[in-house]
Amino acid sequence: MKMKRIVVKVGTSTLTHTSGSLDLRSMERLVRVLSDLSGAGREVILVTSGAIAVGTARIGLPERPSSLRMKQAAAAVGQCRMMHIYDKLFSEYNRTMAQILLTGEDVEDPSRAEHLRRTFSALLELGVIPVVNENDSVSSAEIETGRHKVLGDNDTLSAIVASLCGADLLVLFSDIDGLYSADPRTNPQAVLLHRVTELTPDILGMAGGAGTWQGTGGMATKLSAAEIAMDAGCDMVIANGGRPETLYGIVEGENIGTRFIAKGKAGVTDDKT
């Protein structure tokens, strides 16, 4: 099966330095690959994290804010900064991008979700690359602990977007190579799983805690995203965002990272053409 419509989610740890400032080299490599895939006829949607971390650094705060209102203020500053850089980079590769900011209500309400679906469809038809993030300045679903609603993290957001748009493939770029049998940072015997066809209790039990301080998600949120994507008929891959060039091979079905096979697709061979 040829992967035509692709959603790529990139995490905060891939987009920023440990200081919280944007990692421009990583962003440029990612944008170059996405632009190339778009130019080759793929329909590409980017779901990006990082607004709060970037805003925190941009404002000059010593650490990530603890209060909701300050987190939302940092997100407003960081989102502006990120979109400016994305627009500049995509323009250098002759691609046009569009910003879409979502809240849980946007995807939960059938009428609004249908309008979103039509907007995505129109943008992709025009060859535009939608760049999506949760609207943290007005939504507390992700950044206010204990009040996760429809969204709540960008892994979930990207899976919902993939489902909404009828995507063929969802790629979660993270700071880890994929799903391991145990935490590879603490267990040298951990084995990388390359193919998952069912989210069994054993697979779900492999989820660890959250990653670096900039991000909010861990493997548990990625497995939740996999369930949404697989149920929607969309394959999902977890791979290392430090090597965005691997996206070429992932799209062609190569054995990179961990691929979660959509329901009904087990045993189907990808079209490598």
Q: Can you give me the number of residues within the range 245-263 that are over 16 Å from residue 3 (Cβ atoms) and either aliphatic (A, V, I, L, M) or at pLDDT below 95 (or both)?
A: 1
Q) Does residue 11 qualify as being touching a strand residue (DSSP E or B) at 6+ places or on another chain (Cβ under 8 Å), closer than 20 Å to residue 174 by Cβ and buried (at least 20 other Cβ atoms within 10 Å of the Cβ)? A) yes
Q. Taking the range 166-188, which residues are farther than 19 Å from residue 13 by Cα, among the hydrophobic types (A, V, I, L, M, F, W, C) and at pLDDT 95 or above?
A. 167, 169
Q) Where residues in the range 9-62 are outside any helix (DSSP H, G or I), farther than 15 Å from residue 246 by Cα and of a type in the set (A, V, I, L, M, F, W, C), which of them is nearest to the chain's Cα centre (by Cα)? A) 47
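Evaluate the following for residue 136: is it over 26 Å from residue 16 (Cα atoms) and modelled with pLDDT under 95? If you could, list the steps in order and put the result at the bottom.
On the way: over 26 Å from residue 16 (Cα atoms): no; modelled with pLDDT under 95: yes.
No, not satisfied.
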**Q.** Residue list for the range 90-120, filter: in contact with a Lys or Arg (Cβ under 7 Å, 6 or more places away or on another chain) and under 23 Å from residue 31 (Cα atoms)
**A.** 93
Q: Consider residue 3 carefully, then state whether it is part of a helix (DSSP H, G or I), buried (at least 20 other Cβ atoms within 10 Å of the Cβ) and either under 15 Å from the mean Cα position of the chain (by Cα) or not polar (S, T, N, Q) (or both).
A: no
Q. Do we find that residue 124 is among the hydrophobic types (A, V, I, L, M, F, W, C), farther than 30 Å from residue 56 by Cβ and touching a residue at least 60 places away in the same chain (Cβ under 8 Å) in this structure?
A. yes
Q.
If I filter the range 77-109 down to residues being out of contact with any strand residue (DSSP E or B) (no Cβ under 9 Å at 6 or more places or on another chain) and over 28 Å from residue 38 (Cβ atoms), which single residue comes out as modelled with the highest pLDDT?
A. 77
Q. Can you tell me which of 45, 52 is crowded, with 17+ Cβ neighbours inside 10 Å and closer than 26 Å to residue 124 by Cα?
A. 45
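Name the residue, out of 83, 70, that is assigned to a helix (DSSP H, G or I), without any contact (Cβ under 8 Å) to a residue 12 or more places away in the chain and buried (at least 16 other Cβ atoms within 10 Å of the Cβ).
Working: 83 fails: without any contact (Cβ under 8 Å) to a residue 12 or more places away in the chain.
Exactly one of 83, 70 is assigned to a helix (DSSP H, G or I), without any contact (Cβ under 8 Å) to a residue 12 or more places away in the chain and buried (at least 16 other Cβ atoms within 10 Å of the Cβ), namely 70.
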Q: May I ask you to list the residues in the range 63-92 that are farther than 20 Å from residue 14 by Cβ, among the basic types (Lys, Arg) and under 23 Å from the mean Cα position of the chain (by Cα)?
A: 71
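The values are calculated or read from the model by the stated rules, or taken from the named source; none is laboratory data. For clarity, every value in this text was computed on a predicted model and none was experimentally measured. Counting neighbours? That spans all protein chains shown, and the Cβs are built from the backbone with ideal geometry, glycine included.
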